[in-house]
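Below is one structure, written out as structure tokens; comments come after it.
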Amino acid sequence: MDGSRFVEVIVFSPAEASEDKPAFTYHLPDTLQGRLKAGSLVTVPFGRRRLYGVVVALSDESPVPETRPVESLVDPTSVLTPAQIALARWMAREYLASLYECLKLMLPPGVAGHADVLLTLDHQAPVDAVNTDAQAALLALLRRRGPLRGAQVRAALRGVDWRAAFEQLARRGIIASESFLAPPRARPKQACTAQIIPAADEETALSGLRSDCYPAILKFLRAEGGPVDVSWVYAETGCTLYHLKKLAERELVALESKKVWRDPLADQIFVPTEPPPLTPDQIAVWDVVKLQVASCKSQVSLLHGVTGSGKTEIYLRAVAEVLGQGRRAIILVPEISLTPQTVNRFAARFPGRVAVLHSALTDGERYDTWRRARAGLVDIVVGPRSALFSPLSPLGLIVLDEEHDSSYKQEAPRPRYHARDAALELARQTDATVILGSATPSLESYHRAQRGEFNLLTMPRRIMGHTRRLRDLQSRYHVSQTRYQALDDGPAEARYMPLPPVQIVDLRAELRAGNRSIFSRALQRALDESLGRGEQAILFLNRRGTATFVLCRDCGHVVRCPHCDVPLTYHGPRASLVCHHCNHREPQPNHCPQCGSDRIRYFGLGTERVETTVRNRWPDARIVRWDADTARTHADHSSILQRFVDGEADLLIGTQMVAKGLDLPLVTLVGVISADPALNLPDFRSGERAFQLLAQVAGRAGRGLLGGRVVVQTYHPNHYAIAAAAAHDYAGFAAQELAFRREQGYPPYRRLAKLVYEDASPTRAQSEAEGLAAAVRAALARRGLPESDLIGPAPPFFARLRGRYRWQIILRHADPAEFLRAIKIHQGWRVDVAPVSVL
């Protein structure tokens, strides 16, 4: 083996991936010398199987005495960049995941095939050779259908442990098996085109062809004058591929196949826009960001700008600066539902240079977007957290809009990473600039900015537009007057408007006054006025359904999910009870299942009930509801939002989706039905979440032509989070909340890891949790750390989900991953480093 080079390969097999043994060493045969590099996709022998894998390192020496050769190079172009491999290694260490799991995040679906096995029956085997029902089912299937792949067997014998049966029969020589690799599922799309051949003798060539399709095809293609996609020919003439092939045989038509990109933005039209003049606040911020981008060194800015302050224009200018350097940019948004609005803004400024990437695309669209990014055919990728792993190179900018949003954290499956922290590491690897933007920054980011780790940039004024855009909006929405004011210290055409006033309504006082409606008197008056003027309003409640629990008034029984430790939610339109965790459903009860009483009552409030109440109170209002029940797909989200933006509805009722950075120019009123649900959860982040949600949803009001106001209903009017949100006082809230976190030893002052164990047996779950807790206590004692750094073991807030009992441990430590790596953690534990929730 002297002179041979070696490669470290991560094989694509979850069963072989572990934190202790992340890669396997192979040597390069002569045919592959000089052709492989880090990131190459290869096939390798692995035991008796062949597997796909990716090269993560090359070396002239092997850490093991005997190695096997790499079999083949699947793709001549690397599927991973060196920066992506380095990021995956960091994620594996930081989040206690395998390198295989982290690398898999960075590849599109289907880029590698799967390993499978071909099963063949020995027909000489005796009929009575079976010992179990599973063996009998497998033998019967192979006798009936012949040799089958493992995937075919799995589909035919659902619920049967056919693998165990196969292994038992294989040992006895009754079934033979052969390992093979399926080719990659993802392939470039081929489009077939048809074109007329002008010099052909049509009359002679058409003789004997009786269908009317043939002359119609020739007439259509002659009119088009060039290659036409055959699907368009089918639609216009009613023909099929059979007819086109007949004409091709007679040399009247030329059929060709070519590769085409599956681009979800291909049919959309984006009107180019020019950068508007900057306001004084924007100029001060841009001067700093421009210098950071020009330095070509990894620097981070926290852009704290109120809703409507013009943060997006800073992002756009930073992208333009990066593109001018020949580098590229990734723009992250927290939700798929926000991508259309963001894509519109960036594609209008940079036409033909923007791609979108998210899980709602087809596998083919994701594969082609990945290929275009890898080939340097796009310069900007927009999407939620998974877009961070686009293979853009060289990378110059990463933007996280609404950086505070918990959607940037992946909670399942592993790796349970946070896109913000992963973006910071990727920027460090690539010398890229990072901009974290939010009107309500996470306390972790704000604390780091205060300590000088990030540049803290502020934009405290709401800049709603420029005179030209405002005139266009006035014309479009038929608004004669606006409440905008000119800036004293800015461009003459810039206009601003103060943040909307927020009125807090004490629901206890409403009850004392005899008002038992879900709408306070103030909110009713505000809705009457807004709807009467033909303006739009938003009603926010972060709960779905009609009633949050169903109770018997005689015995007190609450109808609960049989699989989860939670009450069932009543959904009126379907007259059913639904579990929002496991989706268990059962019909609406007429009698108490415990005592038989018919005194069943429905308590609590959800968006369905709000909608029903609004329709009764304002029957002429056009209403649209936006929650997980009405918007199940990306298209549903876009459709609901577009209907409201186009003025086809007067009132939008929704959950947290309505608080996510939307620009709605005709909304003058936001009503928060109840600010209390988020306040009373046993989670140290509950105050921060409540503040962020209220501040963000309030930011939807007054962004348009007519100004606006906010009405917040609550039973806790003096709670510091509600009072601070009403006063638009982020600094005051952050000071009080950070003091609490420092006193209690919570992030950002201490880091956490949450460990959850689930089991069908409550006894086993408790025993396993107590065992691991004892091991953690012992490890803390060995390091001289206090036992109070361990919280638990105890059942979490949701003690049973989907029929499995749950126990939880919370660890406080400066580096939880490093600490836990030294402890034996049994299979079945779910380890979440830096959790966004401890519920």
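Which one of these is β-branched (Val, Ile, Thr) and touching a Pro at 6+ places or on another chain (Cβ under 9 Å): Val55, Val70, Val9?
Answer to the check: Val70.
Within the stretch 667-686, the residues that satisfy the criterion of being touching a residue at least 40 places away in the same chain (Cβ under 8 Å) and surrounded by fewer than 22 Cβ atoms within 10 Å (Cβ to Cβ) are Ser674, Asp676, Pro677, Ala678, Leu679, Leu681, Pro682, Asp683, Phe684.
Please state which one of Arg830, Arg812 is surrounded by fewer than 20 Cβ atoms within 10 Å (Cβ to Cβ), of a type outside the set (Ser, Thr, Tyr), in a strand (DSSP E or B) and touching a residue at least 60 places away in the same chain (Cβ under 8 Å). Don't jump to the end; show me each part of the working.
Details: Arg812 fails: surrounded by fewer than 20 Cβ atoms within 10 Å (Cβ to Cβ).
Unique residue meeting the criteria: Arg830.
Hey, can you tell me all the residues within the stretch 354-386 that are of a type in the set (Gly, Ala, Ser), surrounded by fewer than 24 Cβ atoms within 10 Å (Cβ to Cβ) and under 15 Å from the mean Cα position of the chain (by Cα)? Across the stretch 354-386, the qualifying residues are Ser359, Ala360, Ser386.
Within the stretch 293-335, the only residue that satisfies the criterion of being open to solvent by 40 Å² or more (accessible area, probe 1.4 Å) and under 23 Å from the mean Cα position of the chain (by Cα) is Glu335. Looking at the stretch 259-275, can you tell me whether even one residue there is over 31 Å from the mean Cα position of the chain (by Cα), in contact (Cβ under 8 Å) with a residue 24 or more places away in the chain and either open to solvent by less than 50 Å² (accessible area, probe 1.4 Å) or more than 30 Å from Ala83 (Cα to Cα) (or both)? Within the stretch 259-275, none of the residues are over 31 Å from the mean Cα position of the chain (by Cα), in contact (Cβ under 8 Å) with a residue 24 or more places away in the chain and either open to solvent by less than 50 Å² (accessible area, probe 1.4 Å) or more than 30 Å from Ala83 (Cα to Cα) (or both). If you go through the stretch 169-183 and keep only what is touching a residue at least 60 places away in the same chain (Cβ under 8 Å), in contact with a strand residue (DSSP E or B) (Cβ under 8 Å, 6 or more places away or on another chain) and not in a strand (DSSP E or B), you end up with just Ala182. Close Cβ contacts (under 6 Å, 6 or more residues apart or on different chains) running from residues in the stretch 751-778 that are assigned to a helix (DSSP H, G or I) to residues that are open to solvent by 30 Å² or more (accessible area, probe 1.4 Å) and charged (D, E, K, R) comprise Arg777/Glu787. Per the conditions (1) at pLDDT 90 or above; (2) of a type in the set (A, V, I, L, M); (3) surrounded by fewer than 21 Cβ atoms within 10 Å (Cβ to Cβ), the sole criterion not satisfied by Ala23 is (1). Among the residues of the stretch 641-658, which ones are under 19 Å from the mean Cα position of the chain (by Cα) and not in a loop (DSSP other than H, G, I, E, B)? Within the stretch 641-658, Leu641, Gln656, Met657, Val658 meet the criteria.
Of the residues making up the stretch 763-804, those that are closer than 22 Å to Cys582 by Cα, touching a Lys or Arg at 6+ places or on another chain (Cβ under 8 Å) and not basic (Lys, Arg) number 5.
Restricted to the stretch 197-232, and to residues that are outside any loop (DSSP other than H, G, I, E, B) and under 13 Å from Ala248 (Cβ atoms), which residue is modelled with the lowest pLDDT? Looking at the filtered set, the residue picked out is Ala205.
Scanning the stretch 557-597 for residues that are on the phi > 0 side of the Ramachandran plot and either open to solvent by 70 Å² or more (accessible area, probe 1.4 Å) or more than 40 Å from the chain's Cα centre (by Cα) (or both) yields Asn583, Gly596. Apart from one condition, Phe166 fits all of (1) assigned to a loop (DSSP other than H, G, I, E, B); (2) buried (at least 16 other Cβ atoms within 10 Å of the Cβ); the exception is (1). Cβ-Cβ contacts under 8 Å between residues 6 or more apart (or on different chains), taken from a first residue in the stretch 79-98 that is among the β-branched types (Val, Ile, Thr) to a second residue that is open to solvent by 30 Å² or more (accessible area, probe 1.4 Å) and in a helix (DSSP H, G or I), are listed as Val79/Arg374. Any residue at all in the stretch 265-286 that's in a helix (DSSP H, G or I) and closer than 16 Å to Val399 by Cα? Yes.
In the stretch 198-226, the residues that are under 17 Å from Lys245 (Cα atoms) form Cβ pairs under 7 Å with partners that are of a type in the set (Lys, Arg) and part of a helix (DSSP H, G or I), at six or more places apart or across chains, as follows: Leu209/Lys246.
Among the conditions (1) of a type in the set (S, T, N, Q); (2) surrounded by fewer than 15 Cβ atoms within 10 Å (Cβ to Cβ); (3) part of a helix (DSSP H, G or I), Thr342 misses just one, which is (2).
Before we move on, is Leu255 of a type in the set (A, V, I, L, M, F, W, C) and open to solvent by less than 40 Å² (accessible area, probe 1.4 Å)? Before you say what the answer is, go through the steps one by one.
Working: of a type in the set (A, V, I, L, M, F, W, C): yes; open to solvent by less than 40 Å² (accessible area, probe 1.4 Å): no.
Criteria not met by Leu255.
Restricted to the stretch 729-750, and to residues there that are over 23 Å from Ala814 (Cβ atoms) and in a helix (DSSP H, G or I), the residue that is most open to solvent (accessible area, probe 1.4 Å) is Gln736.
Residues in the stretch 526-551 that are over 36 Å from the mean Cα position of the chain (by Cα) and either in a loop (DSSP other than H, G, I, E, B) or over 20 Å from Arg609 (Cα atoms) (or both): Glu529, Gly532, Arg533.
Count of the stretch 238-252 residues, restricted to those that are open to solvent by less than 60 Å² (accessible area, probe 1.4 Å), assigned to a helix (DSSP H, G or I) and of a type in the set (A, V, I, L, M, F, W, C), is 3. Tell me yes or no: at least one residue of the stretch 70-80 is of a type outside the set (D, E, K, R) and under 25 Å from the mean Cα position of the chain (by Cα). Yes, the conditions are met somewhere in the stretch 70-80. One residue alone among Gly828, Gly792, Gly803 is touching a Pro at 6+ places or on another chain (Cβ under 9 Å), among the small types (Gly, Ala, Ser) and modelled with pLDDT under 95, and that residue is Gly803.
For the stretch 110-150, how many residues are charged (D, E, K, R) and either within 30 Å of Ser72 (Cα to Cα) or modelled with pLDDT under 85 (or both)? Can you show your working first?
Of the stretch 110-150, the ones charged (D, E, K, R) are 116, 122, 128, 133, 143-145, 149.
Subset that is either within 30 Å of Ser72 (Cα to Cα) or modelled with pLDDT under 85 (or both): 116, 122, 128, 149.
Number of matching residues: 4.
Report yes if Tyr602 is outside any helix (DSSP H, G or I) and free of Cβ contacts under 8 Å to residues at least 40 places away in the same chain, otherwise no. No, not satisfied. Cβ separations smaller than 8 Å between residues 6+ apart or across chains give the following pairs from the stretch 49-74 residues that are surrounded by fewer than 22 Cβ atoms within 10 Å (Cβ to Cβ) to residues that are part of a strand (DSSP E or B) and basic (Lys, Arg): Glu71/Arg50.
The values are calculated or read from the model by the stated rules, or taken from the named source; none is laboratory data. Since this is a predicted model, take the numbers as computed values, not measurements. Every residue, glycine as well, gets a Cβ built from its backbone with ideal geometry; the counts of neighbours run over all protein chains shown. Keep in mind that these areas ignore ligands, DNA and RNA; they rest on the heavy atoms of the full protein, side chains included. Shrake-Rupley method; radii C 1.70, N 1.55, O 1.52, S 1.80 Å.
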